[in-house]
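The values are calculated or read from the model by the stated rules, or taken from the named source; none is laboratory data. This one's a predicted model, so the numbers in the text were calculated from it and none came from an experiment. Because the Cβ atoms are built from the backbone with ideal geometry, glycine has one as well, and the counts that use them run over all protein chains shown. To get the accessible areas, we keep the full protein, side chains included, count just its heavy atoms, and leave off ligands, DNA and RNA. Shrake-Rupley method; radii C 1.70, N 1.55, O 1.52, S 1.80 Å.
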Amino acid sequence: MPSATPSTSSARPRILSGMQPTSDSLHLGNYLGALVNWVELQNEFDAYYFVADLHALTVPTDPAVLRRRTRITAAQFIAGGVDPEQSAVFTQSHLHEHAALGWVMSCLTAFGEASRMTQFKDKTAKGQNANVGLFTYPMLMAADILMYDAAYVPVGEDQRQHLEITRDLAIRFNQRFGETLVVPEPYILKQGAKIMDLTDPTAKMSGSTSPEKGLILLSDEPNRIVKKIKSAVTDTDSEVRYDPESKPGVSNLLVIHSVLSGTAIADLEKSFEGQGYGALKSEVAEVVVTAVQPFQKRMAELLDDPAELDRILAAGAERAHEIASRTVGRVYDALGLLPATARFGR
Ligand code: TRP
């Protein structure tokens, strides 16, 4: 029998977040903007982190590429510091419950409401040939979140509207069918360290819009990192000073250094006094290379042993399934769908 109440019994509040397997490597912006926070939060919360492979199907995907990127994305969570012993690390498609609850959420959403989602509007305005899955993307995301009775959902600012519709859907469900779902709080990650494109430091470092030379990929070879940082756009002045308005390139390099080395920006400004951008760039490159090396080593180990990675994902899915099956049971029951036991005559 499904339990009547949400499973909020564990001592620490639950959090959940996901990433789509849409690239062969995270870049420094994703890493510092999201993954570092996931790692910090796992101590304080009962954390569930997953690869949103079903969401990746909303754009045309090559099966071999999807398979590779799903493993890479999971491995990056772990190489970045997510501890699979502590946090549940899993793949969305391993739990059929996500698609099932996603359908329920779609049936709860008004057509006009879905039409107002900005991400869908932006993508289709840019001429992207959209499928219906892209339209219902937010409902599947709502299902991901509500499935785990998550108290908080750590995501970036770009996901705020998705969290709002998730809350609306949970409240609506509870009003129509009785208290069933936990209404989550957004946990918008502070953009404390916003990392900019190396070739255009007025734009965010972005996997979808930055050129390859503008991105520092966590998988980049050390000499490639050095090359990219050496050719980073700065300005015609030569003073190493933090001033994002008039010196966005130099400021971006200072931010990268500061976040990775833990040195205050003011101290960096002092230590580079009288030195040009060449010195700054060399040191930033060194700091970045030192930071990515252990990550790359762990990545290589994980990708060299796909059986071990699959075992980790299976263990994560098992943990996730305990909660997911109860939630779907509760939701189906509240909706008036007959228990499956009746169907099988048990
Ligand atoms: N939409 C998120 C992104 O593109 C990924 C995602 C899917 C997600 N389901 C989620 C994030 C549930 C948090 C919670 O980044």
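Show the residue pairs that are 6+ apart or on different chains and have beta-carbon atoms under 9 Å apart, the first residue being within the range 310-327 and free of Cβ contacts under 8 Å to residues at least 60 places away in the same chain, the second being open to solvent by less than 50 Å² (accessible area, probe 1.4 Å) and not aliphatic (A, V, I, L, M).
Within 9 Å, the pairs are Glu318/Phe90; Glu322/Ser7.
Can you tell me which of (1) surrounded by fewer than 21 Cβ atoms within 10 Å (Cβ to Cβ); (2) in a helix (DSSP H, G or I) is the one Phe77 doesn't meet?
Looking at each condition in turn, Phe77 falls short on (1).
Starting from residues that are assigned to a loop (DSSP other than H, G, I, E, B) and open to solvent by less than 40 Å² (accessible area, probe 1.4 Å), keep the ones in the range 40-57 and report whichever is farthest from Gln128 (Cα to Cα).
If we take residues in the range 40-57 being assigned to a loop (DSSP other than H, G, I, E, B) and open to solvent by less than 40 Å² (accessible area, probe 1.4 Å), then Phe45 is farthest from Gln128 (Cα to Cα).
With respect to Pro60, is the statement that it is surrounded by fewer than 18 Cβ atoms within 10 Å (Cβ to Cβ), modelled with pLDDT under 95 and either assigned to a strand (DSSP E or B) or not basic (Lys, Arg) (or both) true?
It is true that Pro60 is surrounded by fewer than 18 Cβ atoms within 10 Å (Cβ to Cβ), modelled with pLDDT under 95 and either assigned to a strand (DSSP E or B) or not basic (Lys, Arg) (or both).
Tell me which residues, restricted to the range 273-296, are among the charged types (D, E, K, R) and either surrounded by 13 or more Cβ atoms within 10 Å (Cβ to Cβ) or touching a residue at least 40 places away in the same chain (Cβ under 8 Å) (or both).
Lys281, Glu283, Glu286
Would you point out the residue of the range 132-190, among those that are modelled with pLDDT under 95 and among the small types (Gly, Ala, Ser), that is farthest from the ligand (Cβ to nearest atom)?
Once the filter is applied, the top-ranked residue is Ala151.
Name, by its number, the condition in (1) at pLDDT 95 or above; (2) over 21 Å from Asn30 (Cβ atoms); (3) open to solvent by 40 Å² or more (accessible area, probe 1.4 Å) that does not hold for Asp200.
Among (1) at pLDDT 95 or above; (2) over 21 Å from Asn30 (Cβ atoms); (3) open to solvent by 40 Å² or more (accessible area, probe 1.4 Å), Asp200 violates only (2).
Looking at Ala193, Ala143, which one is over 15 Å from the mean Cα position of the chain (by Cα), among the small types (Gly, Ala, Ser) and buried (at least 18 other Cβ atoms within 10 Å of the Cβ)?
Ala143
Which one of the conditions (1) assigned to a loop (DSSP other than H, G, I, E, B); (2) modelled with pLDDT of 95 or more does Glu245 fail to meet, given that it meets all the rest?
For Glu245, the exception is condition (2).
Considering each residue of the range 106-115, count those that are in a loop (DSSP other than H, G, I, E, B) and loosely packed, with under 12 Cβ neighbours inside 10 Å, and give that number.
Selection size over the range 106-115: 1.
Determine if the range 15-26 includes at least one residue that is more than 21 Å from Glu157 (Cβ to Cβ) and either within 14 Å of the ligand (Cβ to nearest atom) or surrounded by fewer than 18 Cβ atoms within 10 Å (Cβ to Cβ) (or both). Lay out the reasoning, then the answer.
Of all residues in the range 15-26, those more than 21 Å from Glu157 (Cβ to Cβ) come to 21, 24-25.
Those left that are additionally either within 14 Å of the ligand (Cβ to nearest atom) or surrounded by fewer than 18 Cβ atoms within 10 Å (Cβ to Cβ) (or both): 21, 24.
Yes: one or more hits.
Can you find even one residue in the range 317-329 that is out of contact with any Cys (no Cβ under 9 Å at 6 or more places or on another chain) and at positive phi?
Looking for residues that are out of contact with any Cys (no Cβ under 9 Å at 6 or more places or on another chain) and at positive phi, one finds none in the range 317-329, hence no.
For Thr236, state whether it is assigned to a loop (DSSP other than H, G, I, E, B), open to solvent by 50 Å² or more (accessible area, probe 1.4 Å) and more than 30 Å from Gln159 (Cα to Cα). Quick ask: steps written out before the conclusion?
Details: assigned to a loop (DSSP other than H, G, I, E, B): yes; open to solvent by 50 Å² or more (accessible area, probe 1.4 Å): yes; more than 30 Å from Gln159 (Cα to Cα): yes.
Yes.
Take the residues in the range 117-160 that are in a strand (DSSP E or B) and not β-branched (Val, Ile, Thr), then tell me which one is farthest from Phe45 (Cα to Cα).
It comes out as Pro154.
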